[in-house]
Structure formats: C-alpha cells, structure tokens
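Only the coordinates and a few stated rules stand behind these numbers; no lab work does. Because the structure is predicted, anything quoted here is derived from the model rather than measured. Cβ: placed from backbone, ideal geometry, glycine included. Neighbour counts: every protein chain shown.
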Amino acid sequence: MPSRFHAITKDEMDQFLIGLGFVPLKLKGVVELVYGKIVPVGGHRLSLRCYTAVDPGGESREKGTDAIRLQLFHKLQDQIVPCGRPQKCLRVESWRDNIGKAICRITAAENLHVCPACGHPMVLRRNGATGQEFWGCSAFRLTGCKGRWSPRQGQLTPGDLNRAVAGTPTSALRP
C-alpha cells in the first residue's frame, strides 16, 4: 500500500531540524521555509540546505505541489554553488526517518565527487542533447573548468581530463 501524504507544520519541522543542528535561513526569492547547517564532506566544508515545502505562514503545501529537498552547496568566488546530487523526501508519515536517511546519503564522502582538475565538488548535470547524466565541475560557470565524470564510464577518460586541465589554473581554484 502506498504511503499517504502527511501535512507537516512549521513547528514540527522546527523541532526536528533544529534538533539536528540546522538553523532557519532567510533566502531571497524562496517561498518556503529553508534550514541549513555546515557539514564536512570529503575534506570540504559544505552548506547542507533543507527546502521543506512548508510555506512561511507555517502550513504544509498542498499534496503533490512539492517534496522536501536536501542539497549541498559550497562557496566559490562569493557565490553559492550547488554540488553533489540533490535528495528528495516525500511528505509521508515517515518523513523524519526519510530526511535522516537522505542526510546520511548526501553527506557520505563516497557520494561527493571531486573535480580532478581543480579539486572543487562536482554536481550532477544532464546533457541537454542526449539526456545522459554526468558529473560536472561545480566551478564550470564561474571558472570554465570542464572537469567531468560520467556514471556510464566509471572513471574520467583521458579526453575528459585533458579538456578539464587545458587552460585551468588549478592553484587559483582551490577553495
């Protein structure tokens, strides 16, 4: 039997996430409550954010409008950049357990890929032409680093590494 939707209130979310060391965040242009905390992952200090699907008035959004999402971010040249693979948790009775498991998955060092060209965390991307997923350097938009890894390859190819290293001043890119 499928799990049933569970409306979550601000008070429930506060109690649970603050108990895990999260703090409420005020993010410009975001229409839901967001909590964050700094976590060490694979040698990096990253910001873990939980987008709750609870509106600022404290009420859970309607069923089917959104799920709880967890995402890691890091700071690069004064900009906050997503990294890693986002985790989604459904708003069902077991939401607390689901968030706990998602936090363990998203913060596990083996789930964070690091760019071999510049050392920044990588982010899961999708090739617009082929639809295939690949891991690309989170610094790409700011520095042009082209480090990438494709799950189907299992490792970086020499071509990927050559393209990533060409013209990239790696010493200037370390966080």
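The Rg/Rh ratio of segment 10-111, with Rg taken over Cα atoms and Rh as the Kirkwood radius over Cα pairs, comes to 0.95.
Listed by chain and number, the lysines whose C-alpha is less than 24 Å from the C-alpha of Lys146, apart from same-chain residues fewer than 8 away, are Lys75.
Here the simple spin-label model places points 7 Å from the Cα toward Cβ, and for Arg141 and Arg45 these points are separated by 2.4 nm. Partner aspartates and glutamates whose Cα lies under 14 Å from the Cα of Lys37, excluding those fewer than 8 positions away in the same chain, are identified as Asp14.
By per-residue mean of other Cβ atoms within 10 Å, what is the highest-first order of 104-111, 7-14, 133-140?
133-140, 7-14, 104-111
For segment 25-99, the list of trypsin sites (Lys or Arg not before Pro) that fall in a loop by DSSP and count at most 10 other C-beta atoms within 10 angstrom reads Lys26, Lys28. The label-point distance for Glu110 and Glu62, in a model that sets each label 7 Å from Cα toward Cβ, rounds to 4.2 nm.
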